[in-house]
Amino acid sequence: MLFTVNFDVIDIILTLVVCLNLFLGFLVLFNGPKKQINVVYALNIVAIISWVGSMILYRSASISTSIVWATILYIAPTVIASSFLYFTYIFPSSQQKVDQRKVAIIFSINAVIALLVALPGIIISTVHIRPGSEKEILFGHYYGLYVLYILIFFTFGFTRLFVRLRKETGSKKMQIAYLLLGYAIAANLAFITNLIMPWIGLFFLNWLGQIFTVFMVGFTAYAIIRHRLMDIRVVVTQLFVIALWAILLFRVLVTPFGSEEQVINAATLLFTVVVGGLLVRSVLKEVRQRESIERLNNELQKANQTLHDLMNMRTEFLQIASHQLRTPVSVMRGMLDMLREDGDSMPAQQRKEFIDRALSKSEKLTNIISDILSATEMDVSNFDVASIAKPINLVEITRLIVESEQADAKDRGLTLEFDAESASLLIKSSDVYLPQAITNLIDNAIKYTEHGSVTVHVSQDGNDAVLAVSDTGIGVSPEEAKKLWAKFSRAQNAKDMYTDGSGLGLFIVKKVIEGHSGGSVFMTSEAKKGSTFGFRLPMMKEGTHEKSS
């Protein structure tokens, strides 16, 4: 006989381990049979199943076939090690490109070691059967090479997973952690009980390493269910199918070999494998369809929310534009009507005030229209100032803008100060957009400061030029500060102070600055305690200005 059917408790436990590993293999494959990462992981699971299964058959094999099953028992771990190492190159995302030369080297070494195991006397010499105890294997002179191969491949794989663990975040990080922990427990314990102890002649635990694979199965399954890589209904269905397969497989193994009952049990097992696979696939298809519908529903909800936000933005724009455009026009029309009707009889001073006021409102109208046009021009995903950028001295251009704003600050009883750490900080920017952004920041600071001062500070921070405009004005609450850079957005205290703001100033600043490569805006503020708004832009490297000249 090739082997005797004499199942003990150890064999039953090993059979259950086979079923658990089989379950995980189907779980992974059904989750995406065409995904490279799932196929490679399934290969690893198949190797583990072969390792556990060959231990069952090795323990019950006759003297004539024990060497055959011992050979398979030691070839299977070589595939486990190589497929595990390859798996670490594509996990957690199979979109990573793997150097095919590395893959060829991994499996070439695997093939060489497997061949050495298969050749008689090199890794395994013979098998001794000891009545009442586990069989003993006499190893060849190159068994140490086999142990070294397993040790190196697993160590290298664990190192790669640990490196990935430090880089990843969120659910991927947790998946790697569970996978690493499960494999580390199983591999390290099996290394002792199945490689080192047999090497020194201790075989009474040489079946324990196969049982340790339950740790790998358990942690990986937990990662799958915990992080919702599979629907729980699929898991339950597969558990039911695998349990049914396990029972039928057990009946096949415990019935007399070659008997009619064993044939019937084997045929029943084959039938349930086919039907069970179809059942699981059907449930999985239903789950995926439902997930697809849920995904489409979520996308529709997001689209509806976006549309709702756009409608609100449109309404707010119409309200602001209507008020901002209509008010100056109404004032100018009123002034001009009065001049037309009573201009000849008006004192020269009053007539001049009317004209000045009309001019002021026309200038304000021009600025509003300019802001709206600028915001419309910049409100595109590919807005970029690089094509029109030229070397600009941020210190000098800011000093000129501050000088032009001094009269406005003085009229409001404010002190406008300028402070620069050096005479020149060269950046590449637009001489049209950058002054507009700086002016908006200073105008806002002056407009929303009732008393005190406004300070414009230009400095260097590493390779960046930094401009900060600080005021002692009304400030902004932390809740409202988050949305101030958005289009048409204004803080409530700013609306209470001035009803005619457009809400486009800071939006334009953000668009201009982020239109530079490496540009960013910042703000710090507290209600009633003033604010600081500013930006950072990368400085030109030394020698760049001369080359561009």
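Sorted by average packing, counted as other Cβ atoms within 10 angstrom per residue and highest first, what order do 244-256, 410-422, 292-304 take? Don't jump to the answer; show the numbers that get you there.
Numbers: 244-256: 16.8, 410-422: 14.2, 292-304: 10.0.
Most protected by this proxy first, the peptides run 244-256, 410-422, 292-304.
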Spin-label pair Asp384/Leu115, simplified geometry with 7 Å Cα→Cβ offset, distance in nm: 5.4
Vicinal HN-Hα couplings computed from phi for the stretch 50-55 (Karplus, 6.51 cos²θ - 1.76 cosθ + 1.60; Hz; Gly/Pro x): 5, 5, 5, x, 5, 5
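Taking the Kirkwood radius as the inverse of the mean 1/r across Cα pairs, report the Rg/Rh of the stretch 385-538. Walk me through the numbers before you get to the answer.
Numbers: Rg = 14.7 Å, Rh = 15.6 Å.
The Rg/Rh ratio comes out at 0.95.
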Karplus 3J(HN,Hα) series, Hz, for the stretch 508-516 with 6.51 cos²θ - 1.76 cosθ + 1.60 (x for Gly, Pro): 5, 4, 4, 5, 5, 5, 6, x, 8
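Per the Kirkwood formula on distinct C-alpha pairs, the Rh of the stretch 9-227 is how many angstrom? It would help to have the intermediate numbers written out before the result.
Working: mean 1/r = 0.0561 Å⁻¹.
Hydrodynamic radius (Kirkwood, Cα pairs) of the stretch 9-227 is 17.8 Å.
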Shape call, the stretch 75-167: gyration tensor on alpha carbons, a/c limit 1.5: prolate
Centroid-to-centroid separation of the stretch 330-403 and the stretch 455-534 [C-alpha atoms, Å]: 21
Residues of type lysines that Lys541 reaches as a straight line, Cα spacing below 26 Å, ignoring anything fewer than 8 places off in the same chain: Lys390, Lys428, Lys510, Lys511
Long-range amide H partners of Ala420 with built H, under 5 Å: Val458
Whether the stretch 240-312 is rounded, prolate or oblate, judged on the alpha carbon gyration tensor where a/c under 1.5 counts as rounded: prolate
Net length gained if the chain between Asp309 and Lys167 were fully extended (0.36 nm per residue, minus Cα distance): 47.5 nm
Rounded to whole Hz, the Karplus (6.51, -1.76, 1.60) HN-Hα couplings of the stretch 121-135, x for glycine and proline: x, 8, 9, 10, 8, 7, 10, 10, 9, 10, x, x, 9, 5, 5
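Only the coordinates and a few stated rules stand behind these numbers; no lab work does. These numbers were taken from a predicted model, which means no experiment stands behind them. Reconstructed Cβ throughout: ideal geometry from the backbone, glycine too, with neighbour counts over all protein chains shown.
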